[in-house]
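Take a look at the structure set out below.
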Amino acid sequence: MSTTRSLTRLTRALATLAGAALIVPLGLVSTAGAEPAADSDRAAAATLREAAATKGRFVGAALYQGALNNEASYRTIAGREFSSVTAENEMKWDATEPNRGQFSYGRGDAIVNFAASAGQQVHGHTLVWHSQLPSWVNGVPAGELRSVMNNHITNVMQHYRGKVQTWDVVNEAFNEDGSRRQSVFQQRIGNGYIADAFRAARAADPNAKLYINDYNVEGVNAKSNAMYNLVRDLRAQGVPIDGVGLQAHFIAGQVPSSLQQNIQRFADLGVDVRITELDVRIQLPADSGKLNTQANDYRKVVQACLAVSRCRGVTIWGFTDKHSWVPGVFPGYGAALIYDANYQPKPAYNAVLSSFGG
Ligand code: G3I
């Protein structure tokens, strides 16, 4: 890394520590006694979002409202580095319709308002999912569940119309073997619930791009084959589906080698693709070798996305190891994100930046 870039990043790290919402322009530090910058350095983007924009892609982060409210460093980095945000929990069914017909948008609105002030897109997550589903939904009689589902989609999407550009309409619909997950929607509405959900979503906001999203579908395997067949069939039937989200919750060293091929085959169906929830967990304690493996994994994911023109961008599931779902769910694992718990960029940050050409 050149002196110019090192200085830029050092200055930025200090600004972050101070909680300042100030972006330090590259040119200001390049004259501070350092050797003249090479042309390639002068052109280099200083932030992830600038770098991704040069490639016509977004780089996103899942945000958590508690940290946005309470931590200046969190806000500073979230606004400076990312061009897209996803609410980590705040737009899920338990947050938006905790009781039947009673909608609650305060926490989701906080994310949307932050994004608007930072000039960011918002990816909506998620409308129809078996998890974080309030218990009342499980008590809805079979004959009423389709209209309850459509009503939920309609209300939430209309509330966020014009503010949320893309939605995970259906999340995690498959088992690992490619069979349908036996969610309450699958059991009571049947196979057609997915097509119904997409039709309701298109009617609620005709301008939003509508995605199906899942995990363990990043490589070519039984689960991604099932998703591929479903998307192909829905498109053939004229069901309004615009995109596929690959969550990408990985273990360091285990990014599937067929990732790019898999992105390409979905793109060839005529839909957009996005990496929606990228993180790369490490068996603790982390050391420099593991952090470098992790950085290389982040690089592989960004490069695979960049290799396919319909891959719109990459969202990371959080950005700081201070706030990550991983340690709570996978004991002994953690350090999955691109900033450490003290808001310092890790090798993975530099890998994402340089992969986008920064
Ligand atoms: O809000 C309550 C709080 O009031 C309570 O005190 C606390 C005690 O446990 O729980 C809080 O809720 C937690 C919530 O996150 C908000 O922090 C839930 O227990 C916890 O289960 C929930 O975890 C979320 C998880 O989805 C639930 O399935 C994670 O933050 C979130 O990162 C994770 O995200 C999912 C995606 O939506 C879908 N793909 C997989 C991904 C990772 O699991």
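Each reported figure results from applying straightforward, stated rules to the coordinates on display, with no laboratory input. The structure presented is a predicted model; accordingly, all values stated were derived computationally and were not measured. Ideal geometry is used to build each Cβ from the backbone, glycine not excepted, and the neighbour counts take in all protein chains shown.
Between D321, D297, D279, D268, which is acidic (D, E) and surrounded by fewer than 18 Cβ atoms within 10 Å (Cβ to Cβ)? Sole residue among the options that is acidic (D, E) and surrounded by fewer than 18 Cβ atoms within 10 Å (Cβ to Cβ): D268. The set of residues in region 172-196 that are in contact with a Phe, Trp or Tyr (Cβ under 8 Å, 6 or more places away or on another chain) and over 19 Å from W136 (Cα atoms) comprises E172, R180, R181. Considering region 110-137, the residues that are within 13 Å of the ligand (Cβ to nearest atom) and not hydrophobic (A, V, I, L, M, F, W, C) include one that is farthest from E90 (Cα to Cα), namely H130.
Cβ separations smaller than 6 Å between residues 6+ apart or across chains give no pair from region 134-163 residues that are closer than 16 Å to S104 by Cβ to residues that are exposed (fewer than 12 other Cβ atoms within 10 Å of the Cβ). Going by the conditions given, is L284 touching a strand residue (DSSP E or B) at 6+ places or on another chain (Cβ under 9 Å) and without any contact (Cβ under 8 Å) to a residue 40 or more places away in the chain? Here the answer is no, as L284 does not meet what is asked. The set of residues from region 153-172 being within 16 Å of the ligand (Cβ to nearest atom), touching a helix residue (DSSP H, G or I) at 6+ places or on another chain (Cβ under 8 Å) and under 14 Å from D205 (Cβ atoms) comprises V156, V164, W167, V169. Each residue in region 185-222 was checked for being crowded, with 18+ Cβ neighbours inside 10 Å, closer than 26 Å to D279 by Cα and over 20 Å from the mean Cα position of the chain (by Cα), and 0 of them qualify.
When L63 is tested against (1) within 13 Å of the ligand (Cβ to nearest atom); (2) more than 22 Å from F356 (Cβ to Cβ); (3) aliphatic (A, V, I, L, M), just one condition goes unmet, and that condition is (2). For region 240-256, taking the residues that are under 17 Å from T126 (Cα atoms) and crowded, with 21+ Cβ neighbours inside 10 Å, the one that is nearest to the ligand (Cβ to nearest atom) is identified as Q247. So for region 117-132 (the condition being outside any loop (DSSP other than H, G, I, E, B), farther than 19 Å from V231 by Cβ, under 18 Å from the mean Cα position of the chain (by Cα) and polar (S, T, N, Q)), does at least one residue qualify? Yes: region 117-132 contains one or more residues that are outside any loop (DSSP other than H, G, I, E, B), farther than 19 Å from V231 by Cβ, under 18 Å from the mean Cα position of the chain (by Cα) and polar (S, T, N, Q). Within region 81-96, does at least one residue satisfy the condition of being more than 20 Å from K346 (Cβ to Cβ), free of Cβ contacts under 8 Å to residues at least 40 places away in the same chain and among the charged types (D, E, K, R)? The answer is yes, given that some residue of region 81-96 is more than 20 Å from K346 (Cβ to Cβ), free of Cβ contacts under 8 Å to residues at least 40 places away in the same chain and among the charged types (D, E, K, R). Residue count for region 299-358, restricted to those that are more than 16 Å from the ligand (Cβ to nearest atom), under 17 Å from the mean Cα position of the chain (by Cα) and among the small types (G, A, S): 3.
Look at region 213-235: where a residue is closer than 15 Å to R181 by Cβ and a partner is among the basic types (K, R) and within 16 Å of the ligand (Cβ to nearest atom), sitting 6+ places away or on another chain with Cβ atoms under 8 Å, you get D214/K223; N216/K223; V217/K223.
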